[in-house]
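Just so it is clear, none of the values below were taken in a lab; they were calculated from the coordinates. Note that the coordinates shown come from a computational prediction; the quantities given were computed from them, not determined experimentally. Virtual Cβ from ideal backbone geometry, glycine too; neighbours counted across all protein chains shown.
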Amino acid sequence: MYLPMRENDTIVAVSTPRGVGGIAVVRLSGPDALTIAEKHLTAHLSPRHATYCRFDDLDDIVAIYFPTGYTGEPTVELSCHGSLYVQQTLLQVLVDDGARLAEAGEFTRRAFLNGRLNLSQAEAVADLIDSVTPAQHRLAVSQLRGGYAQTLKNLRQQLLDLTSLLELELDFSQEDVEFADRSQLREILTALHFHLSTLLSSFKMGNALKRGIPVAIIGRPNAGKSSLLNALLGDDRAIVSDVPGTTRDTIEETLTLDGITFRFIDTAGLRHSDDCVETLGIERTRKAVADAHIVLFVHDATTPWQEADVDLTGKHVIVALNKSDLPQHALSNPQFSIFNFQFSISTRTGAGLDALRAAMLSAVCEELPHEDEVLLSNVRHYEALQRVIQALENVARGLEEDVPSDLIAVDLREALYHLGTVTGEVTSDEILGNIFGRFCIGK
Ligand SMILES: Nc1nc2c(ncn2[C@@H]2O[C@H](COP(=O)(O)OP(=O)(O)OP(=O)(O)O)[C@@H](O)[C@H]2O)c(=O)[nH]1
Ligand SMILES: [Mg+2]
C-alpha cells in the first residue's frame, strides 16, 4: 500500500535475486543511508567510489555511496558474499539501526516520486526486469528512454492550456467572450487523435511481442495438431492418440524462435459433435482463433481436403498438410487458396518443420516495426488511451454540434485525466499501488 507518511524512512532490501549467489547486493536508500552504513564499515565512503572494506566482523564487502542514487535520494549499495546468513544478518543489523525493510517496488516508487522517472518509465523498469527475449528487451528499453510519454505529455499540456481558457469563458458566460481559439482546439484534437490511434493500433503487436505471438493450431480431429505442438516444442506436452477428439481443452505453451516468443494454442478438433464436453472444447477453439495472430491449419493429407467451419478473416493462415510420410490423398490440397502459406510436413519424421518455423517468423517480421518506431505494449496504457480517444471524440462532436462550452469542458477534463494517468501527471494511491505492487522487493 502507498503510505506517504513513510517517505522519509531509510529503506533497505536485498536487490539481487533470493537465494545463494556469488555475491548479493544490499541496497540502502534514504536520508540516513550513509550514517547507518558507515557505523559498520571500517572505511569512510566517498561519493561514487567503490570502497573495499569490512562490515563489522561479518564479511569483506564492496560499498558504494551515491549522494543521489537510483531513488533520487542518498543510497548505499553493499556488495557482500552471497551467503544467506550474511545477507540476512546485514539486513538485520541495518534494520536494528533504524532502516526499514523496503516494500515491493519501493525503490522504483521513490525514483518516480522524486522525479527521476516518469510513470511509464517506472513501468518499463518492471518490463525490463521481466524481459527474456530481445524483442521484449527492446520494447522495455524504448519505453524506458521516454518512448511515447514525452509526446503525450506535450500534447496534454497544450490541451490543458486550451481547456483552462475554455473554462475561463464559463466565468464570463454573460459577456459572450471566446478565450479558447476553437480552430486551435480542433487542431490539437486532430493531432492527439492521430497520435493516439497510431499508438493504439500498435498495441496488438506490442502486446503480442511482450506476451508471445498467439498461434492457434486448428484442424479436424486426428489431423495431428497435438503431434505438431509436441514436435515444435520438442517435448511430449500434449496427449496424442489415434482416437479422434483426444484434445478437448485448449493447451498453451510458449516457445522462443530467433528471439521472438510464440504462444502456441493446441485446440480441440473441429467437427460437429453431440458430446457436450467436445462442443465446449470447439467453442474454445473458435475463441483461440479469434485471438490468434497466426493460425496453423493442420490437415491430414491422407484424407481429402475439407474446409473448416471457422472464421479466418484477417488471420495469417499457414496450412500444414500433415503425414507426408504416408501415401497422400489425391485431393488433399486446398482447391482454391485464401491461405498465406502451404507446407507438406510430417510430425513423425520432422520433414517440413523448418520451413514451417521460417514461415511463422516471416509472418511476424513482416509486421515488425522499425527500430525507432514506438509500440504500445502496456495494457494499462492501452485502456487509458482508449478512454482518451472516446472523450476526444465526444469533444469533437460537441464542437460540431455547438454544444455549450461547459459540457465540452467536462469531456476535455475526462480526456486530460486519462492521459494524465499514462504520463504520470495524475496519480492516485490505487494507480501507484497497482504499478509498484508488480515489482519484487528490492527493485
Ligand atoms: N504417420 C503419421 N502419423 C501421424 C503424424 N502426425 C500425427 N500422426 C498420428 O495421427 C494421430 C492423431 O494425432 P494427434 O496429434 O492426436 O491429432 P490431433 O489433431 O491432436 O487430434 P484431436 O486432438 O483428436 O483433435 C496419432 O495417432 C498420431 O500418431 C505424421 O506426421 N505421420
Ligand atoms: Mg489433439
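For this structure, a couple of remarks:
- GNM flexibility winner over the chain from Gly219, Gly281, Gly22 (Cα, springs under 10 Å): Gly22
- In Hz, Karplus ³J(HN,Hα) per residue of the range 8-20 (6.51, -1.76, 1.60; θ = phi - 60°; x = Gly, Pro): 8, 5, 9, 10, 9, 6, 7, 8, 8, x, 4, x, 8
- For the chain: span of alpha carbons on each principal axis (Å, largest first): 82, 79, 41
- Contact order, relative form, for the chain: 16 percent (alpha carbon pairs under 8 Å, 6 or more residues apart, mean separation divided by residue count).
- Percent of Cα pairs exceeding the 18 Å cut-off, where the set is the range 4-117: 45 percent
- Here the contact order of the range 212-367, divided by its residue count and restricted to Cα pairs under 8 Å and six or more residues apart, works out to 23 percent.
- Shown in residue order for the range 348-360 are the 3J(HN,Hα) couplings computed by the Karplus curve 6.51 cos²θ - 1.76 cosθ + 1.60 at θ = phi - 60°: 6, 9, x, 4, x, 6, 5, 5, 5, 4, 4, 5, 5 Hz (x for Gly and Pro).
- Relative contact order of the range 19-118, defined on C-alpha pairs under 8 angstrom at six or more residues apart (%): 31 percent
- Charge tally in the Cβ shell below 12 Å around Asp130, where Lys, Arg are +1 and Asp, Glu are -1, Asp130 excluded: +2
- By the rule of a C-alpha distance below 28 Å, with chain neighbours fewer than 8 residues away ignored, the lysines paired with Lys443 are Lys39, Lys153, Lys210.
- Candidates Glu73, Glu401, Glu425: whichever shows maximal mean-square fluctuation once the chain is modelled as a Gaussian network with Cα springs under 10 Å: Glu401
- Database remark: amide H of Thr71 closer than 5 angstrom to no amide H (H placed geometrically; neighbours at sequence offset of 5 or more, or on other chains; Pro and chain starts carry no H).
- Zero-based 5 Å bins, Cα pair distances in the range 212-367, whole percents: 2, 10, 20, 25, 23, 14, 5, 1, 0
- Net dipole in debye of the chain [+1 Lys, Arg Cβ; -1 Asp, Glu Cβ; about Cα centre; nearest 20]: 1500 debye
- Partners of Lys323 within straight-line reach, counting lysines whose Cα lies under 30 Å from its Cα and excluding those fewer than 8 residues away in the same chain: Lys225, Lys287, Lys315.
- Hydrodynamic radius of the range 252-305 per Kirkwood, over alpha carbon pairs, in Å: 13.0 Å
- Coupling constants for the range 275-288 follow from the phi torsions by the Karplus curve (6.51 cos²θ - 1.76 cosθ + 1.60, θ = phi - 60°), and in residue order they are 6, 5, 5, 5, 4, 4, x, 5, 4, 5, 4, 4, 5, 4 Hz; glycine and proline get x.
- Highest-MSF residue in the chain out of Gly19, Gly350, Gly105 [GNM, Cα springs under 10 Å]: Gly19
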